[in-house]
1. Could you pull out the residue among 183, 149 that is without any contact (Cβ under 8 Å) to a residue 60 or more places away in the chain and not assigned by TED's automatic domain parsing to the domain that holds residue 283?
2. From the list 26, 18, 34, which one is assigned by TED's automatic domain parsing to the domain that holds residue 304 and either modelled with pLDDT of 95 or more or touching a strand residue (DSSP E or B) at 6+ places or on another chain (Cβ under 7 Å) (or both)?
3. Based on this model, can you work out whether residue 102 counts as modelled with pLDDT of 95 or more and surrounded by fewer than 17 Cβ atoms within 10 Å (Cβ to Cβ)?
4. Would you be able to say whether some residue in region 304-312 is modelled with pLDDT of 95 or more and surrounded by 14 or more Cβ atoms within 10 Å (Cβ to Cβ)?
5. Go through region 271-310 and report how many residues are in a loop (DSSP other than H, G, I, E, B), touching a residue at least 60 places away in the same chain (Cβ under 8 Å) and within 17 Å of residue 199 (Cβ to Cβ).
6. If you scan region 250-270, which residues turn out to be in contact (Cβ under 8 Å) with a residue 40 or more places away in the chain and either surrounded by fewer than 15 Cβ atoms within 10 Å (Cβ to Cβ) or in a helix (DSSP H, G or I) (or both)?
C-alpha cells in the first residue's frame, strides 16, 4: 500500500499518438516510461520526435533507482530509468539466480554525453575537509545513495582509497539529489553522485572533484530497463523499438537546440541560469551499443563488488543486457 500511494504522486505527461497499420486498430497501445528528470518529457515534446507515433507514451517521474525498480516490479512501469550498474546490484543480491529465461528485467538501451568534460559521476570533497588525496577520506562523513552508479562510484572510490566502510562515516540518503543537498549544505564532507547537483558548490571554490567515474572505468550509462514480460509482448516490443528510434532523433535535436533546452530548465524547472546552462549542455547524449565490450566492463565491476562483499552472489551480467533494439537506437552512429 505504501508503494501504491507513492505512485499516485507521479508527475505524468502523455503524448497522444496517431495511427499505423502495423499496430492494432482501436485504443492505442500505451508505453509507460520512467524518468528521473521531470524536464526530459518536456524536451522530447519540444523535439516533436513522437509526433505521429502509433502509440501513447506516458512518462512517470521517480527519483532514484530504488523507486524505479519498485515501479517495474509492481508493473506500474513498462520501462524504468536507472544507471547501468543497477541490475548488477539487483541480480547480485537476488534470492534466486537470474538466467536468460528467468531474469525479470533487462537493459535495452544506454546513453551518456560523449564529451568527457562533462563527467557523469564524481566523488567530491569539501574544501574544509582538508582532503589532499583519496587516503585522506578516512574518518570523513560520506554521503551516498544506494542502488545505481552513484552507489558504485561510492564503493569503487573507497576501494581505490584502500578503505572499508568502517574507516569513515557513511551517510545513506534516499536519492542522489538529497545526498547532494546535504553535501552542498555542509552536512557531509564527501559526496559520490552526479556532478550537476554539486557543480555550483565546486564553482564557488567550496569543494573539488577528487575522482571521476571514468578514472574508475565505470561506463556510467543511463539506461532503460524493461520488464521481460513487456519484451515478450510482440506489440509492446515493436512499439519500444520505434520509441527508441525516435528518441535517438531527439538527441540530435537536443544537440542542435541547446538554448531551447536551457530555457526549459530555467523556466519550467526553475533552475538558476548557471545550473540550467549546465543541465542543457550536460544532458546532450547519444545511445551506445550494448555490445560484448560493454558487458565485459560490467562483468569486471560485478566481480569487484562480489569480492568487496557489496553483492552476495557471483553473477554473470550478460543476462541483464539485451541488444535487441541496438539497430533502432545506435545503427547510424
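1. So the residue among 183, 149 that is without any contact (Cβ under 8 Å) to a residue 60 or more places away in the chain and not assigned by TED's automatic domain parsing to the domain that holds residue 283 is 183.
2. 34 is the lone residue from the list that is assigned by TED's automatic domain parsing to the domain that holds residue 304 and either modelled with pLDDT of 95 or more or touching a strand residue (DSSP E or B) at 6+ places or on another chain (Cβ under 7 Å) (or both).
3. yes
4. No; the residues of region 304-312 include none that is modelled with pLDDT of 95 or more and surrounded by 14 or more Cβ atoms within 10 Å (Cβ to Cβ).
5. Adding up the residues that qualify gives 3.
6. Hits for region 250-270 are 250, 251, 253, 254, 260, 261, 264, 265, 268, 269.
This table checks each residue for (1) under 26 Å from residue 255 (Cβ atoms); (2) in contact with a strand residue (DSSP E or B) (Cβ under 6 Å, 6 or more places away or on another chain); (3) in the same structural domain as residue 172 (by TED's automatic domain parsing); (4) without any contact (Cβ under 8 Å) to a residue 60 or more places away in the chain.
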residue: 65; (1), (2), (3), (4): no, yes, no, no
residue: 76; (1), (2), (3), (4): no, no, no, no
residue: 84; (1), (2), (3), (4): yes, yes, no, no
residue: 91; (1), (2), (3), (4): no, no, no, no
residue: 110; (1), (2), (3), (4): yes, yes, no, no
residue: 128; (1), (2), (3), (4): no, no, yes, no
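The values are calculated or read from the model by the stated rules, or taken from the named source; none is laboratory data. Keep in mind it's a predicted model, so treat the numbers as computed, not measured. No Cβ is skipped: glycine too gets one built from the backbone with ideal geometry, and neighbour counts run over all protein chains shown.
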